[in-house]
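The values are calculated or read from the model by the stated rules, or taken from the named source; none is laboratory data. These numbers come from a predicted model, not from an experiment. Here the Cβ is made from the backbone with ideal geometry for all residues, glycine too, and neighbour counts use every protein chain on show.
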Amino acid sequence: MSIGNIVKKIMNMKFRVFCCLVLPLFASGCFSAGGWNRKALHPASEGWSSYRGQKARIAVSDFELNTSGLTTELGQALKEYFVSILAGTNHFILVAPTETDLIISAGVVEFVPENSGGKSGVGGGGSAASNFMGGLLGTPLNKATMQLNLRIVDRPTSSVISSRDIQSQAVENPENKINTPRDKAFKSGLSEYAGTPMGKVIHECLLEAARYTVSNVPQNYYKD
């Protein structure tokens, strides 16, 4: 056997060992992607249910739909769900825009319910350079993403008091079922996303938006 063939054989063996050691870590990273999967996102863990202090009068404007694939009905369902979460914090009195000095404005800039951009299993991406890699292809993964641009606006002056881009992502793991949030929204306006990665994303994204609102409404707006 020529020296060139020996070197080539050694390199192929090293490549296979590398794939066996590294690619399982990559695959597990894909499975764990799920946005803000923290207890701090749940209203009870924020101490919201026990809040008994003054409340701020706020209004939530209609969601701005700044991406394709969204209907007016879906935008309204997202708004209603967000309003219900804000009401559950016990920090706010939700009123009409003409009755408040503070408006919460949200624009949906990304909404992707399903994007099969990867595979489950070792070496999910495959490789044209190796039959070994090609044999490790797995089941297509469904990845959902959502991004909001949230703004807290002083209505009389139209000045933005605080703003933030909020993004959440979830990848469906074939081994674990997506839990359906126990919210009325997923039995009505958002029912098509119940038990899906997108349902998880919507739930987490709007919870984080509510948390941000609670944390960033200035104290001087708390009057009632």
Next on the checklist: Go through segment 161-201 and report how many residues are aliphatic (A, V, I, L, M) and at pLDDT 95 or above.
Outcome noted: 2
Checklist entry - Taking segment 191-216 as the search range and keeping residues that are buried (at least 19 other Cβ atoms within 10 Å of the Cβ) and of a type in the set (Asp, Glu), which one is nearest to the chain's Cα centre (by Cα)? => result 204
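Anything in segment 51-92 that is assigned to a strand (DSSP E or B), of a type in the set (A, V, I, L, M) and either over 21 Å from the mean Cα position of the chain (by Cα) or under 20 Å from residue 192 (Cα atoms) (or both)? List them, or say none. Before you say what the answer is, go through the steps one by one.
Kept after step one, since they are assigned to a strand (DSSP E or B), are these residues of segment 51-92: 56-60, 64-65, 92.
Those still in the list that are of a type in the set (A, V, I, L, M) too: 56, 58-60, 65.
Residues satisfying the conditions are 56, 58, 59, 65.
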Item to check | segment 87-109 - residue that is modelled with pLDDT of 95 or more and within 17 Å of residue 190 (Cβ to Cβ) and, of those, surrounded by the fewest Cβ atoms within 10 Å (Cβ to Cβ) | outcome: 108
